[in-house]
Amino acid sequence: MARPERGALHCPECGFVNPEGANYCQKCGAFLGDGPRGGGGAEGETTAAYQVDEAGELRPVDLERAAAEGATLVIRSGGGRAGEAFELGEEQTRVGRSTESDVFLDDVTVSRNHALLVRRRDGVYIDDLGSLNGTYINRRRIDSHKLADGDELQIGKYKLTYLAR
(Lines give C-alpha, C1' and ligand atoms only; values in the text may rest on other atoms or scores of the structure.)
Protein backbone atom coordinates (compact mmCIF):
# COMPACT_ATOMS: atom_id res chain seq x y z
CA MET A 1 0.00 0.00 0.00
CA ALA A 2 1.41 3.39 -1.03
CA ARG A 3 1.94 5.99 1.66
CA PRO A 4 0.40 9.44 1.13
CA GLU A 5 2.74 12.35 0.47
CA ARG A 6 4.10 14.20 3.48
CA GLY A 7 1.66 16.97 4.43
CA ALA A 8 -1.23 15.43 2.46
CA LEU A 9 -4.73 16.09 3.77
CA HIS A 10 -7.30 13.33 4.10
CA CYS A 11 -10.88 14.34 3.35
CA PRO A 12 -13.12 13.89 6.43
CA GLU A 13 -16.06 12.95 4.16
CA CYS A 14 -14.65 10.49 1.59
CA GLY A 15 -11.04 9.84 2.71
CA PHE A 16 -9.48 11.08 -0.55
CA VAL A 17 -5.84 12.19 -0.15
CA ASN A 18 -5.52 15.86 -1.14
CA PRO A 19 -2.32 17.92 -1.55
CA GLU A 20 -1.07 20.08 1.33
CA GLY A 21 -2.72 23.49 1.43
CA ALA A 22 -5.97 22.37 -0.22
CA ASN A 23 -9.16 23.91 1.17
CA TYR A 24 -11.63 21.54 -0.48
CA CYS A 25 -11.51 17.88 -1.40
CA GLN A 26 -10.70 17.36 -5.08
CA LYS A 27 -13.02 14.35 -5.17
CA CYS A 28 -16.16 15.36 -3.24
CA GLY A 29 -15.71 19.09 -2.53
CA ALA A 30 -15.88 18.77 1.28
CA PHE A 31 -14.15 21.48 3.35
CA LEU A 32 -10.77 20.30 4.62
CA GLY A 33 -10.38 22.78 7.47
CA ASP A 34 -8.26 25.72 8.51
CA GLY A 35 -5.83 23.75 10.65
CA PRO A 36 -2.07 24.26 10.53
CA ARG A 37 -1.80 22.42 7.21
CA GLY A 38 -5.19 23.38 5.77
CA GLY A 39 -5.39 25.88 2.97
CA GLY A 40 -7.52 28.45 4.81
CA GLY A 41 -6.33 31.98 5.33
CA ALA A 42 -4.94 33.37 8.55
CA GLU A 43 -7.39 34.62 11.14
CA GLY A 44 -8.15 38.31 10.65
CA GLU A 45 -6.71 38.24 7.12
CA THR A 46 -8.26 40.79 4.76
CA THR A 47 -8.20 41.29 1.03
CA ALA A 48 -8.17 44.65 -0.74
CA ALA A 49 -10.96 44.85 -3.32
CA TYR A 50 -10.70 46.31 -6.80
CA GLN A 51 -12.40 46.45 -10.20
CA VAL A 52 -10.75 46.63 -13.60
CA ASP A 53 -11.85 49.82 -15.39
CA GLU A 54 -12.32 50.35 -19.14
CA ALA A 55 -8.61 51.20 -19.59
CA GLY A 56 -7.55 47.97 -17.86
CA GLU A 57 -6.38 49.81 -14.73
CA LEU A 58 -7.16 48.58 -11.21
CA ARG A 59 -9.62 50.80 -9.36
CA PRO A 60 -9.98 50.34 -5.56
CA VAL A 61 -13.47 49.43 -4.31
CA ASP A 62 -14.91 50.40 -0.94
CA LEU A 63 -16.72 47.13 -0.13
CA GLU A 64 -19.01 48.67 2.49
CA ARG A 65 -20.20 51.29 0.01
CA ALA A 66 -20.48 48.76 -2.84
CA ALA A 67 -22.50 46.35 -0.71
CA ALA A 68 -24.75 49.22 0.42
CA GLU A 69 -25.50 50.05 -3.23
CA GLY A 70 -26.30 46.45 -4.20
CA ALA A 71 -25.18 42.87 -4.03
CA THR A 72 -21.49 42.25 -4.82
CA LEU A 73 -19.28 39.21 -5.43
CA VAL A 74 -15.63 39.43 -4.34
CA ILE A 75 -12.97 36.93 -5.37
CA ARG A 76 -11.14 35.80 -2.22
CA SER A 77 -8.72 33.38 -3.91
CA GLY A 78 -8.00 31.72 -7.21
CA GLY A 79 -6.42 32.74 -10.48
CA GLY A 80 -4.31 35.47 -8.89
CA ARG A 81 -7.37 37.73 -8.81
CA ALA A 82 -8.04 37.98 -5.06
CA GLY A 83 -9.90 41.17 -4.28
CA GLU A 84 -11.57 41.66 -7.65
CA ALA A 85 -15.19 42.74 -7.08
CA PHE A 86 -18.27 42.39 -9.31
CA GLU A 87 -21.48 44.31 -8.72
CA LEU A 88 -24.45 42.09 -9.56
CA GLY A 89 -26.84 43.09 -12.32
CA GLU A 90 -30.46 44.00 -11.75
CA GLU A 91 -31.93 40.69 -12.84
CA GLN A 92 -29.26 38.15 -13.86
CA THR A 93 -25.50 37.77 -13.63
CA ARG A 94 -23.76 35.01 -15.61
CA VAL A 95 -20.66 33.32 -14.15
CA GLY A 96 -18.34 31.22 -16.26
CA ARG A 97 -15.32 30.76 -18.48
CA SER A 98 -17.04 32.31 -21.51
CA THR A 99 -15.79 35.79 -22.36
CA GLU A 100 -19.49 36.73 -22.57
CA SER A 101 -19.92 36.07 -18.82
CA ASP A 102 -20.56 38.98 -16.46
CA VAL A 103 -18.18 37.32 -13.99
CA PHE A 104 -15.43 35.89 -16.22
CA LEU A 105 -13.38 33.19 -14.46
CA ASP A 106 -10.68 32.03 -16.86
CA ASP A 107 -9.70 28.53 -15.78
CA VAL A 108 -10.41 24.99 -17.04
CA THR A 109 -12.02 24.12 -13.68
CA VAL A 110 -14.84 26.55 -14.56
CA SER A 111 -17.45 25.63 -17.19
CA ARG A 112 -18.14 28.11 -20.00
CA ASN A 113 -21.64 28.71 -18.62
CA HIS A 114 -21.10 27.62 -15.02
CA ALA A 115 -23.71 29.40 -12.89
CA LEU A 116 -26.36 32.09 -12.97
CA LEU A 117 -27.20 34.55 -10.21
CA VAL A 118 -30.88 35.52 -10.42
CA ARG A 119 -32.89 38.10 -8.49
CA ARG A 120 -36.18 36.57 -7.46
CA ARG A 121 -39.02 38.00 -5.42
CA ASP A 122 -37.53 36.76 -2.11
CA GLY A 123 -33.81 37.31 -2.76
CA VAL A 124 -30.80 36.49 -4.91
CA TYR A 125 -30.32 32.85 -5.92
CA ILE A 126 -27.43 31.06 -7.57
CA ASP A 127 -28.30 28.27 -9.99
CA ASP A 128 -25.70 25.79 -11.24
CA LEU A 129 -26.06 25.44 -15.02
CA GLY A 130 -25.04 21.78 -15.19
CA SER A 131 -21.35 22.51 -14.70
CA LEU A 132 -18.90 19.62 -14.70
CA ASN A 133 -17.19 20.51 -11.38
CA GLY A 134 -20.29 21.84 -9.62
CA THR A 135 -21.05 24.97 -7.64
CA TYR A 136 -20.48 25.00 -3.88
CA ILE A 137 -22.00 27.30 -1.27
CA ASN A 138 -20.46 27.16 2.19
CA ARG A 139 -18.73 23.87 1.28
CA ARG A 140 -21.91 22.12 0.04
CA ARG A 141 -22.61 21.30 -3.59
CA ILE A 142 -25.83 22.91 -4.80
CA ASP A 143 -28.15 22.99 -7.79
CA SER A 144 -29.93 26.15 -6.63
CA HIS A 145 -29.47 28.16 -3.44
CA LYS A 146 -30.79 31.42 -1.96
CA LEU A 147 -27.72 33.50 -1.08
CA ALA A 148 -27.20 35.23 2.27
CA ASP A 149 -24.70 37.95 3.14
CA GLY A 150 -21.26 36.43 3.67
CA ASP A 151 -21.91 33.15 1.84
CA GLU A 152 -18.77 31.56 0.40
CA LEU A 153 -19.07 30.40 -3.20
CA GLN A 154 -16.63 28.00 -4.80
CA ILE A 155 -16.65 27.83 -8.57
CA GLY A 156 -13.79 25.75 -9.90
CA LYS A 157 -10.62 26.90 -8.18
CA TYR A 158 -12.13 30.31 -7.35
CA LYS A 159 -13.52 31.21 -3.94
CA LEU A 160 -15.83 34.19 -3.82
CA THR A 161 -17.78 35.92 -1.09
CA TYR A 162 -21.33 37.20 -1.60
CA LEU A 163 -22.03 40.57 0.00
CA ALA A 164 -25.70 41.58 0.21
CA ARG A 165 -27.25 44.99 0.66
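The values are calculated or read from the model by the stated rules, or taken from the named source; none is laboratory data. Model, not experiment: these values are computed from the prediction. No Cβ is skipped: glycine too gets one built from the backbone with ideal geometry, and neighbour counts run over all protein chains shown. In case anyone asks, the SASA skips ligands and DNA or RNA and just uses the protein heavy atoms, side chains included. Shrake-Rupley method; radii C 1.70, N 1.55, O 1.52, S 1.80 Å.
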Computed over the range 69-114, protein heavy atoms only, probe 1.4 angstrom, the accessible area per residue in square angstrom equals 49
Around LEU9, which amide H atoms from residues at least 5 apart in sequence, or from another chain, sit under 5 Å from its own amide H, with H modelled in the peptide plane? ASN18, GLU20
At 1.4 Å probe size, with the rest of the protein present, what percent of the exposed accessible area of the range 65-163 is carbon and sulfur atoms? 42
Where does the charge balance sit around ARG94 when Lys and Arg score +1, Asp and Glu -1, over other residues with C-beta under 9 Å from its C-beta? -2
Within 10 Å, count the other beta carbons around each residue, average over each peptide in 113-119, 91-97, and list them highest first. 113-119, 91-97
Under 11 Å, Cβ to Cβ, from VAL74 - net charge with Lys/Arg +1 and Asp/Glu -1: 0
